[in-house]
Amino acid sequence: MASTTGNPSPAAPGNNPGHAEEDSLERRSGPDRRLQPTSAFAGFFARGKRKRGRRVGESEGTYVDRFTRGDVVLLLGIFILNILDAFFTMLWLQRGGGEGNPFMAYLLEMGEEVFLLQKCIVVGIWLIVLLVHKNFKLARIGLYSLAGVYTALVIGHFVLIGGDIDPRQPIEIRLPGSEQASE
């Protein structure tokens with residue numbers, strides 16, 4: 001049998017004796033897709049099948065063609081927490097409170113629409129960038145950190161709004177043992 005690649009058969013005299021001729025046959029058809037790297041944004045167009053690396057340990061530092069259900073749930077969860085943060089911030093502001101983040105307070109001065117646009121679009125774009133790079137350690141740290149931070153923010157909003165705390169009154173915090181002993 002002849003090889004379809006046009007290279008001499010390794011079973012020919014003088015070429016790697018001991019290998020069977022059928023091992024040298026090229027079974028692929030069409031251009032070699034491995035000659036071009038996978039695009040970072042290929043997963044959004046659902047062209048490929050790869051959700052993770054093919055071999056054990058191959059996933060770290062690589063891009064994939066498609067995302068797993070867990071990846072999408074994480075992304076949507078963070079985005080929903082972000083929207084809840086914006087909603088509860090607006091409720092807090094209506095009750096007379098203020099924004100704790102100076103940059104977001106500046107955006108609120110420009111208008112509620114600018115604030116909400118930034119919360120939805122800019123955060124959404126950065127979430128997509130992190131998802132595309134999910135197989136890189138720093139991006140995974142970013143995604144899980146965002147999930148934790150937004151969860152804490154939403155819990156904080158529940159405490160503030162659900163606890164019927166008046167934003168116009170300063171909150172006094174007393175820690176045990178912090179009071180001066182009187183004689």
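Throughout, read-outs are computed from the coordinates displayed, never taken from laboratory work. In this text, all values refer to a predicted model and were calculated from it rather than measured experimentally. We place every Cβ from the backbone using ideal geometry, glycine too, and count neighbours over all the protein chains shown.
A few points about this structure:
- Annotation for I155 and L93: the two label points, set 7 Å from Cα along the Cα-Cβ direction, are 2.6 nm apart.
- Ratio of the Cα radius of gyration of segment 77-161 to 2.2 N^0.38 Å, where N counts its residues: 1.14
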